[in-house]
Protein chains: 2
Amino acid sequence: MPDSAPVASVVPTTEAIAKLWPLGSEAVRIEDGFWAERQRLNREVTIPAGWAELERAGALDNFRIAAGRAEGEFRGMRFHDSDVYKWLEAVGWELGRAPSPELERLAREATELVGAAQLADGYVNTYCQLTDASWRYTDLALGHELYCAGHLLQAAVAHARSGGDGELVAIARRSADEIDATFGPGRREGLDGHAEVEPALVELYRVTGERRYLELASVLVERRGHGHLNANPRGAVYSQDHEPVRASASLAGHAVRALYLMCGVTDVAVETGDTELLDVAVRLWDDTAATKTYITGGLGSRHEHESFGDAYELPPDTAYCETCAAIASVMWSWRLLLATGDARYADSIERTLYNGFLAGISLDGLRFFYVNPLESPGGHERQSWFECACCPPNVMRLLASLHHYLATDTDDGVQVHQYATGTIEARAATLRVATGYPWSGRVEVEVAATRPEPWALALRVPAWCDGARLTVNGEEAEAAPVERTWSAGDRVVLDLPLAPRLTAPHPRVEAVRGGVAVERGPLVYCIEGDDVAIDPGAPLGERERPDLLGGVVTVETPATAVPYFAWGNRGAGAMRVWLRAR
Amino acid sequence: MPDSAPVASVVPTTEAIAKLWPLGSEAVRIEDGFWAERQRLNREVTIPAGWAELERAGALDNFRIAAGRAEGEFRGMRFHDSDVYKWLEAVGWELGRAPSPELERLAREATELVGAAQLADGYVNTYCQLTDASWRYTDLALGHELYCAGHLLQAAVAHARSGGDGELVAIARRSADEIDATFGPGRREGLDGHAEVEPALVELYRVTGERRYLELASVLVERRGHGHLNANPRGAVYSQDHEPVRASASLAGHAVRALYLMCGVTDVAVETGDTELLDVAVRLWDDTAATKTYITGGLGSRHEHESFGDAYELPPDTAYCETCAAIASVMWSWRLLLATGDARYADSIERTLYNGFLAGISLDGLRFFYVNPLESPGGHERQSWFECACCPPNVMRLLASLHHYLATDTDDGVQVHQYATGTIEARAATLRVATGYPWSGRVEVEVAATRPEPWALALRVPAWCDGARLTVNGEEAEAAPVERTWSAGDRVVLDLPLAPRLTAPHPRVEAVRGGVAVERGPLVYCIEGDDVAIDPGAPLGERERPDLLGGVVTVETPATAVPYFAWGNRGAGAMRVWLRAR
């Protein structure tokens, strides 16, 4: 464990159950290639446009009115504040990557507004403050008050870790203290219908050292499933209040709520050393991965209540797969990766990042999918913003913090989980990574500096990959962690064959039975356009098929499959991932 | 001109304008291959099943009731009788191909029933007879009485040419005489809203030599467009009564009506030597081919009123393309081919037969499409019969007479228009044709017997074909009619390259602009299945596309296009002909 906490999204304390140590912005830089371009676009285009959208939608005005600096009525959904907080969190991580006077100015303006709107007792919720002060905490099932506060805390954590001036942390602490005073151990047995404050409280505990926040998070996790949200008209399962977390065998209800809850559950488990609770998280993750996850990493099978479906209920066309659910999945998997060191969590993060998550934003960085089906008859279009705008700023905060998810270290070495061209400064060594990933499967790692003692370099070989080859200074090695005494200038090359492959669905997924998906490396492909697009320059093959349709000659037309993440950028045409296998 | 009339669908008289002489069942036999199998299935499966369907639907019972042999009420559409007549025509052509005691028995039963139902004055229409005798000729626009009579006449012509016993011809003459007595020259200026009796009368004239029938047909053709069908609630254009035929620049209204009318117009023109009227037909055919015909040969763009659309209004998904319209188109084109000798009519027949027509029947010969779109989102299924059952027996009569459309002769030689393995006994020679068409483009013609004088062999080179090669006894020849002194044993080989090709739509067809269709030889292909079907055994290519979607690697998935005619035989999935061109 290094001396100072990294500028990272999740930073377990020294008391936590943790196998891997996160490396943050000061240690990992994505300098070129696929994700570098997306981080650049996020910083230069998406986040500034997001501010404009927040202004247009009235999210900032709500704070101005609450602060007595403007007149008007509350605008937007009850949880409109959370969009500002998520945007603030994104900017926090951006400022941790590199200074930006303009982003810092906007962040200060937002922070100052939140502080000015905050009530003396620490409560801040512009919906409540602008509509009906007596509403406070009267509709915990659907009110989103702790949910909004959670995002405020997460924003504060990002700014704190990035070296912010502490104002946002002070605001967050006042908010957390107010919540603790209201719902803390031995007080009102309430909890929020939308989980979010739970992981946020643990993170704020990690930043501030205030153990009450961890205890509050723990209490909130344990309260779930005991009928405290009975008033929820969408049923207890919607808010994961149908059973205690520890008794759960499978995620159910609103997918984003369930996944944020699992982030909190995992955070509480590792910080309290509760291996039983951690086992619950692992068990639920396994079940989710095996029975409720789309090939894109998308989660949430039903539009109704934005919820998980039954096991293997994974329809491609009516899939919900909210962009926020993909983001929450990355957040949860990362927590379990740190806790266990198990590479399958990094596999899941990869699948989700490149597919289910990345489809959520247009190539120009200005439009968003809220829902990410695996098949569309056409007409599904990205929007520049939403009335319920949870997804856009959520995309911003994940892209701004993406480098946090690339690598970890331990006392014994460095683990590279995701591949991007850049620099990794770990305790044992400084690595320079060069790769054309995900288009090319070659990953070149140069040891730029190293400690004299031996350490192990672990480069993840994705589960989808057959035939990975590793060389160390040109010599073939096993594609496994390489422990040795390293010298500056050592070169490790990992070759991951990216040949396109066909993937059959799980036989129990009825909706796509008999179908087949095209994948290449970490990317899921889709056929876009009105059915199949023909390349007029490509040759047309023909084939005698005595077995088919009474005996016909078929014409083989090369159809072009494109990465799923890029779909819907050329008009809202038809698209599908699962293709029919002849 | 040979001594006796052939057993053919259209047999111009010696006075007619005619460039080519039809060769009927006694001269042309399809003995193997693509169409032989379809003729066999039609005879052994489809036609017998058709009888059962006619029984089930009450079409035969209507006659039994009208004949006083059964009790009950009329069942079916007003024009239900016509289904019996078309079935009878199909059997007539079958009996002309080869004897069949069973088919002959059924045909006799039907003929006897029709005769028994026929009124003393020659009128026979079970709808009128079973519902309201006073209805006769009160709703000419939509009543279908002459339409039904027309199909009766066509059935009689088929049986007469096939050597039938004359009973059906006697019935048909009584019917025609009654119509002539009612609507003949100088009598009531009526006509039927659904053309059909016009070509039928000309054909009956050809069989019987009764010139009144030709004159009646001529009068009916000329009456159109003079407001006699004003009562039609679907508008005059529905029944081609909006303008005189001679003034028409483009076909409009109900497609099958318009096309049957044009058969009659062409028949009248050639038999009366009216070159001006023939020019009208040619002009309308040209306009139809250029602006209103689908790539499948299908006709009729609109579901509303089953009608033609405007020029270049050829939407693929909402196309009507009634199977009967494809059949009527073949009938019309054949008449113009005989009259002019112009191979483009044979080209059109080929395109229509292999695509727009043949899709109308399932591979098992038991189910039918009424509507033949070029694109379906799924759910379009062939039915075993229809309440409005015009198409199934129409398919039967065309398949039973298909060999009529293969070849013609003249005093100077033999013309082969369509390719099938079999024998052609023309005046000049007997030819044995062997071909794997349409799968293979090689057509081998052996001169089995020949007259000693020179004659010309014309093998059509389809308009779609580039690079046709012809050899005569192994020696390269020009791919054009070969005139020479032939000897028995001479071998002519025509090689038509069938390489799959991409076809762009006419630029004025807005609905498919930018699209591309796959064709191979005479066959139009489609992509069937839910978008694109993947062959798991085929290799997957990949391609760097810096130009696409910000730079991606695409995966080239071989999609299998199948002949359009065969679609919808593996469930009612999605289908499309026009594909998007990248």
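Where a number appears in this text, it was derived from the coordinates with a stated rule and is not lab data. These numbers come from a predicted model, not from an experiment. So basically every Cβ, Gly included, is an ideal-geometry build from the backbone, and we count neighbours across all protein chains shown.
Odds and ends about this structure:
- For B:Gln383, inter-copy label distances in nm, listed shortest first [label point 7 Å out on the Cα-Cβ vector]: 4.1
- A helix-only calculation puts chain B at -11000 deg cm²/dmol for mean residue ellipticity at 222 nm, using -39500 (n - 2.57) for each DSSP H run of at least four residues, averaged over all residues.
- Based on the convex hull around the alpha carbon atoms, the range A:192-343 presents an average projected area of 8.5 nm².
- Applying Stokes-Einstein at 4 °C and 1.567 mPa s to the Kirkwood radius of the protein assembly as shown, computed over alpha-carbon pairs, gives a translational diffusion coefficient of 37 µm² s⁻¹.
- Range of Cα positions in the range A:540-582 per principal axis (Å), largest first: 40, 20, 15
- With label points defined 7 Å past Cα in the direction of Cβ, position B:Lys19 shows copy-to-copy spacings of 8.3 nm, given to one decimal and shortest first.
- Whole-Hz Karplus values for the range A:340-357 come out as 10, x, 7, 5, 5, 5, 5, 4, 5, 4, 4, 4, 6, 4, 7, 10, x, 7 Hz, taken residue by residue from phi with 6.51 cos²θ - 1.76 cosθ + 1.60 and θ = phi - 60°; glycine and proline positions read x.
- Here the calculated FRET efficiency for B:Ala116 and A:Asp139, from their Cβ-Cβ distance with R0 = 56 Å, stands at 0.10, rounded to the nearest 0.05.
- Look at the stretch B:565-571: the mean tally of other chain Cβ atoms within 10 Å of its residues' Cβ atoms is 2.
- Starting from the label point of B:Ala456 at 7 Å along Cα→Cβ, the same points in the other copies fall at 8.8 nm, in ascending order.
- The C-alpha atoms of chain B define a longest principal axis, and helix B:101-117 lies at about 40 degrees to it.
- Cα principal axis extents for the range A:54-200, largest first, Å: 42, 35, 24
- Around B:Val555: net Lys/Arg minus Asp/Glu count, Cβ-Cβ under 11 Å: +1
- Binning the C-alpha pair distances of the range B:83-143 at 5 Å intervals from 0 yields a P(r) profile of 4, 16, 22, 18, 15, 11, 9, 5, 1 %, listed from the shortest bin outward.
- Summary of the geometry: the range B:83-110 and the range A:335-374, compared by the centres of their Cα atoms, lie 68 Å apart.
- Taking the convex hull of the alpha carbon positions in the range B:438-582 and averaging its projected area over all directions gives 13.6 nm².
- Interatomic Cα distance distribution for the range B:123-273, bins of 10 angstrom, percent: 12, 44, 35, 9, 0
- Dividing the convex hull volume of the alpha-carbon atoms in the range A:117-157 by its residue count gives 72 Å³ per residue.
- Couplings 3J(HN,Hα) of the range A:557-568, computed from phi: 9, x, 9, 9, 8, 10, x, 4, 4, 9, 5, x Hz, in residue order, whole Hz [Karplus 6.51 cos²θ - 1.76 cosθ + 1.60, θ = phi - 60°; x for Gly and Pro].
- Radius of gyration over Kirkwood radius for the range B:415-490, both on Cα atoms: the Rg/Rh ratio is 0.94.
- Peptide ranges A:255-262, B:170-177, A:434-441, A:90-97 listed from the most packed, as the mean C-beta count within 10 angstrom indicates: A:255-262, A:90-97, B:170-177, A:434-441
- Here the scattering of the range B:450-520 is modelled by Debye summation over its C-alpha atoms, one equal scatterer each and no solvent; at q = 0.16, 0.17, 0.21, 0.23 Å⁻¹ the log10 of I(q)/I(0) is -0.67, -0.71, -0.90, -1.00.
- Cα centroid separation, the range B:117-190 to the range A:442-503 (Å): 89 Å
- Nearest-0.05 FRET efficiency for A:Asp287 and A:Asp412, computed from C-beta distance (R0 35 Å): 0.65
- Residue mean of other protein chain beta carbons inside 10 Å, A:373-379: 1
- Beta-bridge orientation, the protein assembly as shown: approximately 90 percent antiparallel, per DSSP, counting only bridges with both partners inside.
- Taking 7 Å steps out from each Cα toward its Cβ at B:Ser487 and A:Arg187 produces label points 11.4 nm apart.
- Working note: Cα gyration tensor of the range B:319-463, eigenvalues times five, square-rooted, sorted largest first, giving semi-axes of 33, 15, 13 Å.
- When DSSP beta bridges are restricted to pairs lying wholly in chain A, around 95% turn out antiparallel.
- Separation of the range A:54-77 and the range B:283-331, taken as the distance between their Cα centroids, equals 60 angstrom.
- Counting Cβ atoms of other protein chains within 10 Å of each Cβ in A:540-548 and taking the mean gives 4.
- At q = 0.05, 0.09, 0.10, 0.11 Å⁻¹ the log10 of I(q)/I(0) for chain A amounts to -0.21, -0.68, -0.84, -1.01, computed by Debye summation with a single uniform scatterer per C-alpha, solvent ignored.
- Note on A:Glu444 and A:Glu71: the model spin-label points, each 7 Å out from Cα along the C-beta direction, lie 6.6 nm apart.
- Approximate spin-label separation A:Ala581-A:Phe386, in nm, with each point projected 7 Å along Cα-to-Cβ: 3.3 nm
- Taking only the Cα atoms of the range A:18-67, the ratio Rg/Rh comes out at 1.22, with Rh defined as the Kirkwood radius.
- Just so you know, the Rg over Rh for the range A:2-120 is 1.05, from Cα atoms, with Rh as the Kirkwood radius.
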